[in-house]
1. Per residue of A:102-115, what is the mean number of Cβ atoms on other protein chains within 10 angstrom of that residue's Cβ?
2. Take every Cα pair under 8 Å in the range B:2-280 that's 6+ residues apart, average their separations, divide by the length, and report that relative contact order as a whole percent.
3. Would you grab the residues whose amide H sits under 5 Å from the one on residue B:229? Only those 5+ places off in sequence or on another chain, please, with H modelled 1.01 Å from N.
4. Go through A:108/B:417; A:125/A:165; B:54/B:319; A:108/A:151 and tell me which ones have a Cα-Cα distance over 24 Å in this structure.
5. Could you tell me the relative contact order of the range B:238-387? Use alpha-carbon pairs under 8 Å, at least six residues apart, and round to a whole percent.
6. If you wrap a convex hull around the Cα atoms of the range A:2-258, how much volume per residue is inside, in Å³?
7. So how do A:243, B:160 line up by other beta-carbon neighbours within 10 Å, fewest first?
8. Relative contact order for the range A:2-258: what is it in percent, counting Cα pairs under 8 Å that are at least 6 residues apart?
Amino acid sequence: MLEIRNLHAAIDGNEILKGINLTVRKGEIHAIMGPNGSGKSTLAKVLAGHPQYEVTAGEVIYEGKNLLDLAPDERAREGVFMAFQYPIEVPGVSNAQFLRLAYNEKRKHLGEEELDPLEFKDLLKERAKVVEMDASFMTRSVNEGFSGGEKKRNEILQMAVLEPKLAVLDETDSGLDIDALRVVAAGVNQLLTPDNAIIVVTHYQRLLNYIVPDYVHVLAGGRIAREGGKELALELESKGYDWITNPNAAGSANLNAAN
Amino acid sequence: MVTELAKRENTYQAAFRVVRESSPTVPWLELVRNSAMERFEQLGFPPVQQEEWKYTNLAPLAKQEFAPATRATAAAIDIERFAFPETATAHLVVVNGFFSEELSVTTGLENVVAIDLLSAVADARYNKVARSYLARNAGYHDNGLAALNTAFLQSGLFLWFPKNVKVETPIQITFVTDVEDPTTASFPRLLIVAEENSSATVIENYVSTREQAYFTNSVAEIVLKEGARLEHYRMQRESGESFHISNTSAELGRNSSYDTTSINLGGRLSRHDISVVLDHEGAECWVDGLYLVGPDQHADTHSVIDHQQPHCNSHQLYKGILDGNARAVFNGKIFVREGAQKTDAMQTNKNLLLSPNARVDTKPQLEIYADDVKCAHGAAVGQIDQEELFYLQARGINPELGRNLLTYGFAEEVIEKIKIDSIRTQLDEVVLRQLNTQLE
């Protein structure tokens, strides 16, 4: 579904990603982990097409298309979804209005019939259950006055409505208390099917207790420094990132352990 | 320039002689009109050298030959198309400045007096009220435009809410221009007096039957007595070729409440002066507005909120959206006079520029002469936020639609407070049409 080859990206002339290679197949959950500044959020934003990031080398093939050739909105309509680390407030536009507009843009793109407000209301009511969101959120302006947890739930609601093929969750766990984390994770798990895939970008292993990855990739200095299964996340939880980002120190630690 | 202005005054003066003969009134009002004409002759149209007119040049208006409309100027008008469904039983119509009983619907206006202003001054039941308040708040002694309107006071509307009368039905007043000659001027005049503990909703609606040039110079005076409540909407949807100069002056009695929202959409050149005087304790006002200014339009709002007595609150939010080479001006003064302690005044002006060629001059001003007050003001001029736009794009919304959605959302903060559904819906449509977007 997604193949990232030797991806380099920069912001304001500073190279952040220095050659990422990653393959994601249908039905898989991938976790991207790494310390602050390792480039994990940059990778998410580059996949979504944030205009501030410049791709300086490499390519991203998504469903046989060159993803980097597509504008952000085209990517979204093609089924790429990024849950924002800091969801944006859109004053004056109701959640329901916004979601229906986004939903219908995608339907139009796929040559499907658009839904009128009543039909959409039913769909929205159904999808809102995924994240246990109250109907009162639908008439409120997008994210305006929402708590941090409500904003994150709203992101997953958008995911539930738009049914992406590839969802990239950018630090969706940050700022969530344990109850909200459970709700969000349960929502994401409900949305996983054999035909879609999820990339979870996170600093902590905590979220991965609930959204269990098939693969874990650890970023350091803009490159993938380590890859493994879900047990790698647990190892990181107990050892921290140091042994990966600072291999010499880690090597001596291992040596000591062996002795 | 000087000779042109002098000539202009002579033209209006000629028309004024006709008015005096054709539209006689009670002696005191004759005196007021005569003295207003004298003031106009002395003051003329304000030049850009005057601080209050620094950014709005009336030279194109002063240069042109405008002839005041008469009662006979109008033809048959389809007034229905300007009516809001909510006001089906309370729609007052003023054509080219002249109140039209024939076109008005007043079946829903029990206990309310809604008559021609010139009849009111001659009517023993109302002349005392009319005389007390007409030309009192919209003074013409230092305002050439208010003077011109007052000199041509031949009709207009007198709206009187007696003591304790609570009107549930919103009352619409449509000031319609219906002229064929693009050099016609009209001088609508409105006097609203809300007696003690009365309450009402009034929609002042400025429209035109034709998309062409003309000159509207209107004055609305509003008096709220103790405990009176008025919800006031002012919709300016004049022709895009027209000049619209208007003045709203309100005085607020003890514990009264005045909630006004001005929507400025039309006019090639429009100027709205709104002044609210809080001269009794416990009065509160909301003075909000939205100006949507398109290519080749110039829209100017000058607002004065004058706290003269303690324990009064004022709230102001004005938003502007400018496109193309649009020009807008917002000048908002808040005065807190000596002794007006415990004043709470809040003023915000926000502008959204959709084009690099648009320009807004905004000047919020606070003048405080009391020490125990809470006052805040601010102004902002900005463009569409790129992070917001990216967020919408990341949800599949194309950039053009995204920009329009954000613009709509920007306007919505003002529109959503309007309590009359059809106005809100219509405004949503207007904003979206201007943006060539549909949400439904």
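1. 2
2. Contact order relative to length: 16 percent.
3. Amide H to amide H, under 5 Å and 5 or more residues apart or across chains, residue B:229 pairs with B:198, B:199, B:200, B:257.
4. Details: A:108/B:417 33 Å; A:125/A:165 22 Å; B:54/B:319 21 Å; A:108/A:151 27 Å.
The pairs that break the limit, which is 24 Å between Cα atoms, are A:108/B:417; A:108/A:151.
5. On the way: 460 pairs, mean separation 28.5, N = 150.
Relative CO of the range B:238-387 lands at 19 percent.
6. Details: hull volume 32.9 nm³, N = 257.
Convex hull volume per residue, Cα atoms: 128 Å³.
7. A:243, B:160
8. Values: 455 pairs, mean separation 69.2, N = 257.
RCO, the range A:2-258: 27 percent.
Read the figures in this text as sums done on the coordinates, not as results from a lab. All values derive from a computational prediction rather than experimental measurement. Ideal geometry is used to build each Cβ from the backbone, glycine not excepted, and the neighbour counts take in all protein chains shown.
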